[in-house]
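Scroll down for the structure; my scribbles are underneath it.
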Amino acid sequence: MSDKDLRVGIVGIGLMGADHAERVALRTANARLVAVSDPDAARARQVADRYDVNVVADAFALIADDEVDAVVIASPGSVHELQVLACIQAGKPTLCEKPLTMDSASSLRLVRAEREHGRPLVQLGFMRRFDLEYVQLKQILASGRLGRLLLVHNTHRNRTVPDSFRSEMIVRDSLVHEVDVARFLFGEEIEEITVLSPSPSSLAPDGVIDPQVSVFRMAGGGLVTNEVFVNCQVGYEVRCETVCERGAVIAGRPRGEVYVTGAEAPDGTVDGGTALPDFRARFATAYDLELQAWSDASRRGEVAGPTMWDGYAAAAVSEAGMKSLVNGAPVPVHLADATTLA
Ligand code: ISE
């Protein structure tokens, strides 16, 4: 496969799938978009026509298609398990958007299936690992010049999300990025998670606990605090401050001297200051680098970046987090023993 383009099919053409379609079609070197699939036929057709590629009605037919070398899965997490399994069985390199699956048991089944297949095939869509600021932050930590990493403070705000985005999804679909960031920066597993619920914003949909504050206890004793606020009304802000023994490093620092967001303008609109509109804008380069790394590694028959295990560990932390969300009590995270898996 190495001397020709990687022929990519995308399953799920929602917000992220359409964004990845453009990326693969226009900006990923040595990769070519060849097919898309979505239960919403009109949506799939619109994207397919834009890039002159095929629509395959059934996701499993796209995965099995001989014209498709590799698959991007950007469908809802609830259908990931069977789709990822089909990719593994077809031996096709896969980029799976987060969350890997809806719970740790199904994620573990996929870890096992990939191991039984004999070689890694699946990269997880934790794109922050490709963001240039996070990469630099990680390099500074790794250089050791600031001493040991003690604490991480994460901020994660979305302007709004659809009403269907309930409290548990704030853990499983949004906080899951901080779960991966914490594991990535510390190079350790999360041993315990606590999710606290401050009095919710009156602008959050009825019954949705937003914002949420959570704490991860890392295996080596470090602590991570997280604010996730997905109906903040203003813009998309993702920040990570790491505190070491001899200094701190921040990724996603607000730009500009005075930073005010949320002031109401005379016409009633909310001023987003320098905040960006959404994750596609904030992480555009990271997504480009992620897809390029995935495509390059796929052509070499390898997996780069976050693995199936990272997806499974994140699912296990999310599951514990959703339990903690019920009463704010700390919940331990139990992971399978990686050394005894098939
Ligand atoms: C969305 O699904 C994403 O994955 C974004 O990266 C995240 O910031 C957002 O909160 C989620 O809704």
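The values are calculated or read from the model by the stated rules, or taken from the named source; none is laboratory data. Everything numeric here is computed off the predicted structure, so don't read it as measured data. Virtual Cβ from ideal backbone geometry, glycine too; neighbours counted across all protein chains shown. These area figures cover heavy atoms from the full protein model, side chains too; ligands, DNA and RNA do not enter into them. Shrake-Rupley method; radii C 1.70, N 1.55, O 1.52, S 1.80 Å.
Structure notes:
- Any hit, the range 289-300, residues being within 16 Å of the ligand (Cβ to nearest atom), open to solvent by 40 Å² or more (accessible area, probe 1.4 Å), modelled with pLDDT of 95 or more and of a type outside the set (A, V, I, L, M, F, W, C): no
- Hey, Glu116 open to solvent by 20 Å² or more (accessible area, probe 1.4 Å), more than 30 Å from Leu325 (Cα to Cα), modelled with pLDDT of 95 or more and among the charged types (D, E, K, R) or not: yes
- Qualifying residue in the range 123-145 (condition: of a type in the set (D, E, K, R), within 14 Å of the ligand (Cβ to nearest atom), open to solvent by 20 Å² or more (accessible area, probe 1.4 Å) and closer than 24 Å to Arg239 by Cα): yes
- Residue list for the range 182-210, filter: out of contact with any helix residue (DSSP H, G or I) (no Cβ under 6 Å at 6 or more places or on another chain) and part of a strand (DSSP E or B): Glu191, Glu192, Leu196
- The single condition among (1) touching a residue at least 40 places away in the same chain (Cβ under 8 Å); (2) open to solvent by 60 Å² or more (accessible area, probe 1.4 Å); (3) over 18 Å from the mean Cα position of the chain (by Cα) that Asp65 does not satisfy is (2).
- Answer residue from the range 1-29, given it is part of a loop (DSSP other than H, G, I, E, B) and surrounded by 15 or more Cβ atoms within 10 Å (Cβ to Cβ) and is nearest to the ligand (Cβ to nearest atom) among those: Gly12
- Looking only at residues of the range 225-234 that are more than 12 Å from the ligand (Cβ to nearest atom) and in a loop (DSSP other than H, G, I, E, B), we find that the one that is least open to solvent (accessible area, probe 1.4 Å) is Val234.
- Single residue of the range 291-331 satisfying the filter (charged (D, E, K, R) and out of contact with any Pro (no Cβ under 9 Å at 6 or more places or on another chain)) that is farthest from Arg129 (Cα to Cα): Lys323
- Within the range 290-308, tally of residues that are basic (Lys, Arg) and under 15 Å from the mean Cα position of the chain (by Cα): 0
- Within the range 236-253, residues that are acidic (Asp, Glu) reach partners that are assigned to a strand (DSSP E or B) and within 14 Å of the ligand (Cβ to nearest atom) with beta carbons closer than 7 Å, at six or more positions or on different chains, in the pairs Glu237/Thr155; Glu237/Arg157.
- Against the test of being without any contact (Cβ under 8 Å) to a residue 60 or more places away in the chain, open to solvent by less than 10 Å² (accessible area, probe 1.4 Å), out of contact with any Ser or Thr (no Cβ under 7 Å at 6 or more places or on another chain) and within 16 Å of the ligand (Cβ to nearest atom), the options Ser174, Ser164 yield a single qualifying residue, Ser174.
Rundown of residues vs (1) under 19 Å from Leu110 (Cβ atoms); (2) without any contact (Cβ under 8 Å) to a residue 60 or more places away in the chain, yes/no style:
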residue	(1), (2)
Val24	no, no
Ala35	no, yes
Tyr51	no, yes
Val72	yes, no
Lys92	yes, yes
